[in-house]
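Right, one structure below, let's go through it.
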Amino acid sequence: AQSVAQPEDQVNVAEGNPLTVKCTYSVSGNPYLFWYVQYPNRGLQFLLKYITGDNLVKGSYGFEAEFNKSQTSFHLKKPSALVSDSALYFCAVRDDGAGGFKTIFGAGTRLFVKA
Amino acid sequence: EAGVAQSPRYKIIEKRQSVAFWCNPISGHATLYWYQQILGQGPKLLIQFKNNGVVDDSQLPKDRFSAERLKGVDSTLKIQPAKLEDSAVYLCASSLVAGASTDTQYFGPGTRLTVL
């Protein structure tokens with residue numbers, strides 16, 4: 001069965017420092033991985049996705065994510081955090097196996113960037 | 001390009017009452033999704049439509065929840081009767097391709113339901 005885990009409920013980082021939001025996954029087939037961001041009282045916004053190819057994926061707002069097949073991870077990163085990056089981040093997974101149509105979301109990680 | 005529209009944005013009802021949510025996906029998007037997001041959790045898929053047909057409704061509590069997507073465009077999600085545990089944000093999303101696993105979903109702002 002598909003699953004995704006975000007081990008940290010909250011990540012705190014100072015503005016200007018690099019940030020990492022962690023995500024690990026489990027699928028039966030090839031993984032398709034997504035990151036979404038949610039600002040207060042708004043729906044989820046797409047940041048980036050990994051389908052195939054280069055393990056480093058670049059997305060919106062300067063974010064990137066590294067796919068690591070051996071560690072089954074897809075961590076979200078940004079070289080220099082902004083206060084405006086403070087939000088709730090969700091990792092999600094689909095696969096091309098039996099569970100392919102369903103997107104499974106993690107519980108979310110709240111990022112807090114301090115000025 | 002207009003995004004996914006949802007209404008109402010907020011709804012407060014008493015338990016055992018009925019409620020309906022409306023979603024208008026991005027024009028041309030074949031696939032429409034309804035998610036339930038309980039506070040502190042990630043979104044959980046309730047139902048997925050491909051055009052006007054149901055692709056996956058395995059997690060929809062069919063004794064009280066129903067959804068339709070007439071003419072393959074707008075969709076309505078209904079709860080009848082509501083329970084306290086239905087308090088959540090109901091998110092609608094759409095994607096361009098019909099059911100592709102690689103497809104990006106675009107989300108509406110959600111409807112926050114409070115059941116008293």
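The values are calculated or read from the model by the stated rules, or taken from the named source; none is laboratory data. Values in this document were obtained by computation on a predicted structure and should not be read as measured data. Don't worry about glycine lacking a Cβ; one is built from the backbone with ideal geometry, like all the others, and counts go over all protein chains shown. In case anyone asks, the SASA skips ligands and DNA or RNA and just uses the protein heavy atoms, side chains included. Shrake-Rupley method; radii C 1.70, N 1.55, O 1.52, S 1.80 Å.
Data for the structure
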item	result
15 Å Cα-Cα reach of A:K69 towards aspartates and glutamates, excluding residues that sit fewer than 8 places from it in its own chain	A:D54, A:D95
Under 13 Å from B:K15, Cα to Cα: aspartates and glutamates that are on another chain or at least 8 residues apart	B:E85, B:D86
Accessible carbon and sulfur surface of chain B relative to its total accessible area, %, 1.4 Å	51
Threshold 40 Å², region B:36-65 residues less accessible with all protein chains present than alone (1.4 Å probe)	B:Q37, B:P43
Loss of accessible area when A meets B, both sides summed, Å² nearest 100, probe 1.4 Å	1800
Separation in nanometres of the label points that stand 7 Å from Cα toward Cβ, at A:V83 and A:N17	1.7
Computed label-point distance, nm, for sites B:I38 and B:L84 using a 7 Å Cα→Cβ extension	1.3
Formal net charge of residues neighbouring B:I12 (Cβ-Cβ distance under 13 Å; K, R +1; D, E -1)	+2
Chain A, relative contact order in percent, only Cα pairs under 8 angstrom and at least six apart counted	38
Rounded accessible area of A:K22 (nearest 10 Å², 1.4 Å probe)	90
Phi to ³J(HN,Hα) by Karplus 6.51 cos²θ - 1.76 cosθ + 1.60 over region B:61-68, Hz, x for Gly, Pro	x, 6, 6, 9, 9, 9, 8, 9
Gain on full stretching of the segment that runs from A:N30 to A:A1 - 0.36 nm per residue minus C-alpha separation	9.2 nm
Heavy-atom surface of region B:14-113, accessible at 1.4 Å and reported per residue (Å²)	44
Subset of B:K44/B:K83; B:K44/B:K78; A:K22/B:K50 violating a 25 Å alpha-carbon distance limit	A:K22/B:K50
